[in-house]
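Nothing in this text is a laboratory measurement; each read-out follows from the coordinates by a stated rule. All values reported here derive from a predicted model rather than from experimental measurement. When we count neighbours, we look across all protein chains shown, and the Cβ atoms used for this are built from the backbone with ideal geometry, even at glycine.
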């Protein structure tokens, strides 16, 4: 393990251990994924690495394979250390990929509830007038990536999921963006999410100057939302 990997795994181990009842599973899961992403070893819980390399991979391929196996073994031990003793005993003979798959099955309720709550926040977050569009898009994009990458959130496929995200962003904009929103919807634009955000940032929109800023951070939440519309995305 290199210095970055060791530092990130040490940071993860400083957090709260996974409780036996899984009540803190969502926080534990996201913290682990964040550390593994930063260390560029997320594959250890996303890909099953076979015990032996494929035939004809060559000497370098063999070395690379066993290096990946070694990283999986270290992550497995870190996961065991970072959970309750009883859970660790149950999963002590399980590899890192299968261990995560088993935990997500064991604590599927906690996983789904956390995903639902984040989706609710994503759908209900609104930008205020006279505040930073860039900050707002950063917040929204971070929530979207967490939903898709960490919580495996898909509507139907990648393109429709991005379309859903764009529609949510359009609804999140303040009144001064009304003409932009109507123009985008009216012409039936079909952009990628990244291109949409670039286009939106380039738009020259004058804010409504006398609008009140509620919390000073550029966002507010609408709590009364259509629960049925949320549930259908979890089907």
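A few comments on the model shown:
- Prolate/oblate/rounded call for segment 38-158, Cα gyration tensor, a/c under 1.5 rounded: prolate
- Taking the C-alpha atoms only, the angle from helix 193-202 to the longest principal axis of the chain is near 40 degrees.
- Annotation: extensible slack from residue 176 through residue 52 equals 38.7 nm (criterion: 0.36 nm per residue apart, minus Cα-Cα distance).
- Segment residue 183-residue 4, length gained on full extension (0.36 nm per residue, minus Cα span): 59.8 nm
- Contact order, relative form, for the chain: 21 percent (alpha carbon pairs under 8 Å, 6 or more residues apart, mean separation divided by residue count).
- Rg(Cα)/(2.2 N^0.38 Å) for segment 155-210, N = residue count: 1.18
- Pairwise label distance in nanometres, residue 101 with residue 21, each label 7 Å out on the Cα-Cβ vector: 2.9
- Estimated FRET transfer efficiency (residue 208, residue 145; beta-carbon r; R0 30 Å; 0.05): 0.50
- Long-range Cα-Cα pairs in segment 1-57 (distance over 17 Å), rounded percent: 50
- Measuring how big segment 3-106 is from its alpha-carbon positions, Rg and Dmax come out at 14.2, 46 Å.
- Estimated [θ] at 222 nm from DSSP helical runs (n ≥ 4, -39500 (n - 2.57)) normalised by residues in the chain, nearest 500: -18000 deg cm²/dmol
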